[in-house]
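Below is one structure, written out as structure tokens; the observations come after it.
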Amino acid sequence: MRIVIAGGHGKIGLLLARRLGGRGDEVASLIRNPAHEADVVAAGGRPVLCDLEKATVPEVAAHVEGADAVVFAAGAGPGSGAARKDTVDRAASVLLADAAERAGVARFVQISSMGAGQPPRAGTDDVWAAYIDAKTRAEEDLRTRPLDWLILRPGGLTDDPGTGLVTLSEERLPRGRVTRDDVAAVITGLLDTPAVRHLTLELTEGATPISEAVHAFHD
């Protein structure tokens with residue numbers, strides 16, 4: 001497969017490139033900082049300089065043309081303010097979806113967040129509220145599109161080693177955690193199972209092997 005990862009230098013983006021590239025898939029990792037190229041190459045991806053806060057739809061479409069799937073793994077990240085939650089977590093996802101449609105790439109996997117799709121909890125700070133709002137609006141945009149979309153909402157992310165065991169559900173899950181490595185493994189499984197589409201799935205650590213968890217949603 002040829003996979004394009006937006007947010008190619010993020011922790012999940014690098015783990016995903018390592019998994020996909022390690023088995024022989026072609027991975028194009030969109031990054032905005034040339035200083036990150038070496039990290040992407042070391043992970044098994046091909047770095048592509050593309051700032052999703054500045055690029056146009058035709059520019060991004062040229063990067064995704066011919067791909068089997070695109071994965072939106074970008075995020076404004078810790079320390080960013082409310083404005084960048086919108087320009088990255090929402091607007092960049094919309095841009096990538098526009099580009100995927102223009103390039104004729106149907107498969108689109110969006111990494112969202114547990115908590116999206118509902119109002120932020122009482123007492124939430126303004127930046128977190130902006131983040132949840134941005135993820136919610138990105139999800140809403142994607143669901144309107146004629147793409148084979150899939151939305152994944154992981155719980156709190158950790159850098160612990162992956163366990164290979166998760167809970168993956170269409171129903172809302174209790175707040176929980178999940179390793180970034182297991183998130184990357186689940187995305188890999190979902191990319192390998194194109195019949196799993198048009199779903200919003202929540203993900204936490206659990207007791208089900210990832211392959212079983214993914215195939216439970218096979219048509």
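Provide the net charge surrounding R90, with neighbours chosen by a C-beta distance below 9 Å and charges set as Lys +1, Arg +1, Asp -1, Glu -1.
Details: positive: K85, K135, R137; negative: D86, D89, D133, D141.
In short, -1.
Listed by chain and number, the lysines whose C-alpha is less than 20 Å from the C-alpha of K54, apart from same-chain residues fewer than 8 away, are K85, K135. Expressed as a whole number of Å, what is the distance separating the alpha-carbon centroids of the range 132-198 and the range 58-127? Centre-to-centre distance over Cα atoms comes out at 13 Å.
Run the helix sum for the chain: -39,500 (n - 2.57) per DSSP H stretch of 4+ residues, divided by residue count, reported at 222 nm to the nearest 500 deg cm²/dmol.
Working: 7 runs with 76 residues, N = 219.
Computed ellipticity for the chain at 222 nm equals -10500 deg cm²/dmol.
Near the amide H of G176, within less than 5 Å, lie the amide hydrogens of G156, all on another chain or at least 5 residues away, with H placed in the peptide plane.
Neighbours of A103, meaning other residues whose beta-carbon lies under 15 angstrom from its beta-carbon, give a summed charge of -2 when Lys and Arg score +1 and Asp and Glu score -1.
What the phi angles of the range 112-118 give under the Karplus curve with 6.51, -1.76 and 1.60, with θ = phi - 60°, is a coupling list of 9, 7, 4, x, 5, x, 8 Hz, glycine and proline written as x. Across the chain, Cα pairs under 8 Å and at least six residues apart give a relative contact order of 18 percent.
Which value, in debye to the nearest 20, describes the size of the charge dipole of the range 1-83 about its Cα centre when Lys and Arg Cβ atoms bear +1, Asp and Glu Cβ atoms bear -1, and nothing else is charged?
Dipole of the range 1-83, to the nearest 20 debye: 280 debye.
Couplings 3J(HN,Hα) of the range 6-19, computed from phi: 7, x, x, 9, x, 4, 5, x, 5, 5, 5, 4, 5, 5 Hz, in residue order, whole Hz [Karplus 6.51 cos²θ - 1.76 cosθ + 1.60, θ = phi - 60°; x for Gly and Pro]. Note that the range 31-43 has calculated 3J(HN,Hα) couplings of 9, 10, 10, x, 5, 8, 4, 4, 5, 5, 4, 4, 7 Hz, one per residue in order, obtained from phi through the Karplus relation 6.51 cos²θ - 1.76 cosθ + 1.60 (θ = phi - 60°); glycine and proline are x. Computed about its Cα centre, the charge dipole of the chain is approximately 160 debye, with only Lys, Arg, Asp and Glu carrying charge at their Cβ.
Rule-based calculations on the coordinates, nothing more; no lab input. Since this is a predicted model, take the numbers as computed values, not measurements. So basically every Cβ, Gly included, is an ideal-geometry build from the backbone, and we count neighbours across all protein chains shown.
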